[in-house]
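Worksheet for the structure shown next.
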Amino acid sequence: MSLPPGFLDELRNRLSLAQVVGRKVMWDARKSNTAKGDFWAPCPFHQEKSASFHVDDRKGFYYCFGCHAKGDAIGFVQETENVGFMEAIEILAREAGLPMPQQDRQAQVKSDRRTKLAEVMDEAVKFYRLQLRTSAATQARAYLAKRGLSEAAQERWEIGFAPQGWQSLFEALTAKGISEDLLIGAGLAKASDQGKRPYDVFRHRIMFPIRDGRGRAIAFGGRAMDPEDKAKYLNSPETDLFDKGRNLFNLQRAREAAGKGQALVVAEGYMDVIALSEAGFGGAVAPLGTAVTEDQLRMMWRVADEPIIALDGDKAGIRAAMRVIDLALPMLEAGKSLRFALMPDGMDPDDLIRAKGPEAVAKVLSEAKPMVTLLWQREVEGKVFDSPERRAALDKVLREKIMLIKDPSLRRHYGDAIQDLRQALFGRRSESAVFSPDGSRPFTTKGGRPRFIRGKSLPESATPSARSSELVRAEAFEDALREAVILAMIIACPSMAAQFEAELEHMECLSHENARLRDAILRRIGVGDLRAAIAEEIGVAPLENLFAQRHVAIAPGVRRSSDVELVRTSIKEELSRLAALRGYRVELAEASEDIQTVEDDNDPLTWRVAQAALAVDPTTRREVEDTTEVVVADNGLIISKDERDEFRRVIEALKGKPSGS
């Protein structure tokens, strides 16, 4: 629906933002100056004790100096009421006494029908509440008392009872003038396929009203009293009011509790939510008879950055947790994730509260595991990885899951976390192909950090003592030259940025200036004029310094940047050479460590030393121009002559030969 010009301005003019916000906050009398329209309060969007949330009533804007939330009255209602733009407009228009513009006829008819259906649902809530007090509901009241729900709690949750009769609700509401069409449209009655009158959907059940984020009754959940009933829990069918995949039980109350700092806890059913809330965990919600959906996840993240999925500790609960993980992975963003709290085996939150009290639940929630931990556990628990094939299969599954994450930075952090877990399981020398975000480059670790091995992952940082040597300073200089050429080619041919995004993310820049340029490129991927965008962000000087370097200026990929295939090939070659060089240095360091542990002259050399031998064997080595001072071995390593000589000494030491022979 489009709004006529001036309508929003008129709406804002009629409203006091302080009055709108004042429904949700307590103003700080010491900081606020009501005469000037200057109001301060603790922020309703995040937990805090100080009043950092500011409302300028004259200008009609709010801003939080803590979480940086900002907006006007419309945005405030959208965020706090979890409604869309037009619904927020309707709420504010009613408050301001301003009639909404006339919609097109079809939309108006649908809106009128939804309003009528909501009124019918309110009548049904009243009917079921009254029925709970009758003699027919004796069993239901006993069940609720057994579950620890007092009359006051039943009143708070508006719990009711549907009698056994086939048309108890139907007859009561039609007697009030409500049409059959509306009762069927609200999901309260079903049309008979035998030509008879419609009959009640809910019979002989304890009734739980389901309200949306605005507090409107939109559906019911019914718990069967007959143990032989095929459906223990039954929800309303989907209607114009109710979409079970787009709503959460207790959303309105939970949002208010989360705004006051409580955790958003996602349980499985109504009784779990009610038990948690009554025990002090007011941020409890539950899906409505289905597995968690994408829309429900988005709703949760609008309420809290890291909801806790609290599931039963049985196999079904664990399977449900795994389904949520698979659903959430492609939707993850920086700062938006999930944690998982698994109840003791065979118990749900309600059981745990009644058995051990709220303290036991609080402990379980405080120990909630991050999503990456459960992802790992699913793939490794109960399995044996005693062969390369089994480990490779694990790598493949984990790589596929991590690749579902769209955010490159988050994908990298998941890879790092999985690698730490893998290292703990398989030990220091274990290697993995898990972490490459594009699935092409296997990673390994040493000391818990990912690094490149022969062009395949990140280099491990040198030790402080090694960095102090002249050799390492020369290595850093050489690496910086290669880094600069790679960055310059990507900037000169911006289409390469997206193609080599993963490689850039994992390219450790030893030069601070190169690191700034790399990060700027990653933040501007997809921008047409990449060079101009980088200059705008970090200034022109770093770019001028980059392209002024002689080795950059003469690089074919820079001079002929319009030749996309040449640039692509050149970048691949430079990345491979840089990674191989760094991998060689790591192997040299590890081989040096192995020398200290060799006790038996008959022990076979490690594979690292065998590979390194290729770089110094005269039969496999060829010299290049003296001005380059490097040796290129047939195995692809590019090393300095000093490094070659150093490796010769290492191998001779391992063989027990004097270094001078």
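Would you say GLU268 is in a loop (DSSP other than H, G, I, E, B), buried (at least 18 other Cβ atoms within 10 Å of the Cβ), in contact (Cβ under 8 Å) with a residue 12 or more places away in the chain and of a type outside the set (Gly, Ala, Ser)? So GLU268 passes the test.
Restricting region 225-241 to residues that are surrounded by fewer than 18 Cβ atoms within 10 Å (Cβ to Cβ) and out of contact with any helix residue (DSSP H, G or I) (no Cβ under 8 Å at 6 or more places or on another chain), the residue that is farthest from GLU81 (Cα to Cα) is GLU228. Restricted to region 50-160, the set of helices (runs of 4 or more DSSP H) holding at least 1 residues that are touching a Lys or Arg at 6+ places or on another chain (Cβ under 8 Å) and among the small types (Gly, Ala, Ser) comprises 73-81, 85-96, 105-131.
All of (1) within 30 Å of VAL25 (Cα to Cα); (2) of a type outside the set (D, E, K, R); (3) outside any helix (DSSP H, G or I) hold for GLY177 with one exception: (1). Checking the stated criteria, PHE7 turns out not to satisfy the condition of being closer than 19 Å to LYS260 by Cα, aromatic (Phe, Trp, Tyr) and either without any contact (Cβ under 8 Å) to a residue 40 or more places away in the chain or surrounded by 14 or more Cβ atoms within 10 Å (Cβ to Cβ) (or both). In this entry, VAL285 passes the filter for residues that are in contact with a helix residue (DSSP H, G or I) (Cβ under 6 Å, 6 or more places away or on another chain), β-branched (Val, Ile, Thr) and buried (at least 22 other Cβ atoms within 10 Å of the Cβ).
Among the criteria (1) under 30 Å from ARG390 (Cβ atoms); (2) at pLDDT 85 or above, the one ARG516 does not fulfil is (1).
The single condition among (1) under 22 Å from the mean Cα position of the chain (by Cα); (2) surrounded by 24 or more Cβ atoms within 10 Å (Cβ to Cβ) that ILE210 does not meet is (1). Evaluating PHE170 against the criteria (1) part of a loop (DSSP other than H, G, I, E, B); (2) in contact with a helix residue (DSSP H, G or I) (Cβ under 8 Å, 6 or more places away or on another chain); (3) not basic (Lys, Arg) leaves one unmet condition, (1).
Residue by residue, here is whether (1) closer than 29 Å to ARG298 by Cβ; (2) within 33 Å of the chain's Cα centre (by Cα) holds:
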| residue | (1), (2) |
| --- | --- |
| HIS204 | no, no |
| ALA231 | yes, no |
| GLY245 | yes, yes |
| PHE249 | yes, yes |
| LEU264 | yes, yes |
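Evaluation of ILE184 against the conditions (1) assigned to a loop (DSSP other than H, G, I, E, B); (2) surrounded by fewer than 20 Cβ atoms within 10 Å (Cβ to Cβ) shows that the sole unmet condition is (1).
Answer yes or no as to whether GLY222 is under 30 Å from PRO42 (Cβ atoms) and touching a residue at least 12 places away in the same chain (Cβ under 8 Å). Criteria not met by GLY222.
For region 482-510, the set of residues classified as within 26 Å of the chain's Cα centre (by Cα), charged (D, E, K, R) and part of a helix (DSSP H, G or I) consists of GLU501, GLU503, GLU505, listed by residue number. The criterion of being touching a residue at least 12 places away in the same chain (Cβ under 8 Å), in contact with a strand residue (DSSP E or B) (Cβ under 7 Å, 6 or more places away or on another chain) and surrounded by fewer than 20 Cβ atoms within 10 Å (Cβ to Cβ) does not hold for PRO330. Criterion first (more than 25 Å from the chain's Cα centre (by Cα) and modelled with pLDDT of 75 or more) does ALA462 satisfy it? So ALA462 fails the test. Note on region 476-502: residues that are surrounded by fewer than 22 Cβ atoms within 10 Å (Cβ to Cβ), of a type in the set (Gly, Ala, Ser) and in contact with a helix residue (DSSP H, G or I) (Cβ under 9 Å, 6 or more places away or on another chain) total 6. Cβ separations smaller than 6 Å between residues 6+ apart or across chains give the following pairs from region 68-88 residues that are under 16 Å from GLU10 (Cα atoms) to residues that are small (Gly, Ala, Ser): ASP72/GLY60; ILE74/ALA88.
Against the condition touching an Asp or Glu at 6+ places or on another chain (Cβ under 9 Å) and either touching a residue at least 60 places away in the same chain (Cβ under 8 Å) or under 26 Å from GLU119 (Cα atoms) (or both), how does ALA175 come out, does it pass? Considered against the rule, which asks whether it is touching an Asp or Glu at 6+ places or on another chain (Cβ under 9 Å) and either touching a residue at least 60 places away in the same chain (Cβ under 8 Å) or under 26 Å from GLU119 (Cα atoms) (or both), ALA175 comes out as no.
The values are calculated or read from the model by the stated rules, or taken from the named source; none is laboratory data. These figures come from a predicted structure and were not determined experimentally. Every residue, glycine as well, gets a Cβ built from its backbone with ideal geometry; the counts of neighbours run over all protein chains shown.
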